[in-house]
Structure formats: C-alpha cells, structure tokens
Amino acid sequence: MEKLLILLLFYFSITFSIIGYGNIFSLILNRKYSIGEKGLNGILLLIIISYLTNFFSPHSLSHNLFIISIGLLNFFYYLFQDFRDNLKKLKIVFIVFLILFIGLLMYKNHDDFYYYHFSYT
C-alpha cells in the first residue's frame, strides 16, 4: 500500500509539472491555451530541455527533482492566477488521470519496475 501511494504521488506530481511547463511554453509564445494543449506543449518543452541538458550533464535524481520542482512551482503559479476557473479544469484533469492510473494498475508491471523503471521517472 505504501508503494502504491508513493507511485500515485509521483504520478500526479509529474503530471502537474508537465502542465506547469506547458504554462511556461504559453508564456513564452504569449498565447492562451487550454489545459490539454498546455499538457502537450509541456511535453514538447520537456523533450527539448531533456535533449539540450543531456549534452551538458547526466540526468540524475537531483537533475530530475530540479526539473520537476520548476514545473510544479509554475503549475501552482498557473493555478492561483484564476483560482476558481482553474480549479474546475483541474478537477477534470485529476479525474481523467486517476482513471488512467487505475487502468495502469490493472495491467501487471515488470517485477523489477520499482528497482529500475520507477526510479528514472
């Protein structure tokens, strides 16, 4: 049960971090995007950041925590801009990703998931 809660915590923190990077992307382009478009733009921006930083430093735990923290801080900045409207959108995102998380749990992961794969997310 403990590992499941940790997995759920990391799952949602990474999801909200991606939305935070989508907010950074929309601020750079000075355009308004929906929360779904911000998620896709956040993935695009994180891929670009990943390719660029891979040349200069290895992706370690501290590097990943730094990247996720920046995204989470920007997500909370985005959340508190228009709190009531963004909270409604966030409830929908939370429900959709909770259903996806339950779907992920229905399928058996590799036995070494927590040793090799989970630590790199």
* Being modelled with pLDDT under 90, outside any helix (DSSP H, G or I) and surrounded by 12 or more Cβ atoms within 10 Å (Cβ to Cβ), is that true of even one residue in the stretch 24-41? -> yes
* (1) over 16 Å from residue 17 (Cα atoms); (2) in contact with a helix residue (DSSP H, G or I) (Cβ under 7 Å, 6 or more places away or on another chain); (3) of a type in the set (A, V, I, L, M, F, W, C): which one isn't true of residue 99, the others all being true? -> (2)
* Asked: Residues of the stretch 6-36 being under 15 Å from residue 97 (Cα atoms) and not aromatic (Phe, Trp, Tyr), which ones?
  -> 7, 8, 9, 13, 14, 15, 17, 18, 19, 35, 36
* Quick one: in the stretch 48-102, of everything that is closer than 20 Å to residue 8 by Cβ and not hydrophobic (A, V, I, L, M, F, W, C), which residue is surrounded by the most Cβ atoms within 10 Å (Cβ to Cβ)? => 71
* May I ask you to list pairs of residues, at least six apart or on different chains, whose Cβ atoms are under 8 Å apart, with the first in the stretch 82-109 being outside any helix (DSSP H, G or I) and the second being of a type outside the set (Lys, Arg) and exposed (fewer than 12 other Cβ atoms within 10 Å of the Cβ)? => 109/117
* Asked: Quick one: what pairs do we get from the stretch 24-44, first residue without any contact (Cβ under 8 Å) to a residue 60 or more places away in the chain, second assigned to a loop (DSSP other than H, G, I, E, B), C-beta under 6 Å, 6+ apart or different chains?
  -> 26/33
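The values are calculated or read from the model by the stated rules, or taken from the named source; none is laboratory data. All values reported here derive from a predicted model rather than from experimental measurement. Ideal geometry is used to build each Cβ from the backbone, glycine not excepted, and the neighbour counts take in all protein chains shown.
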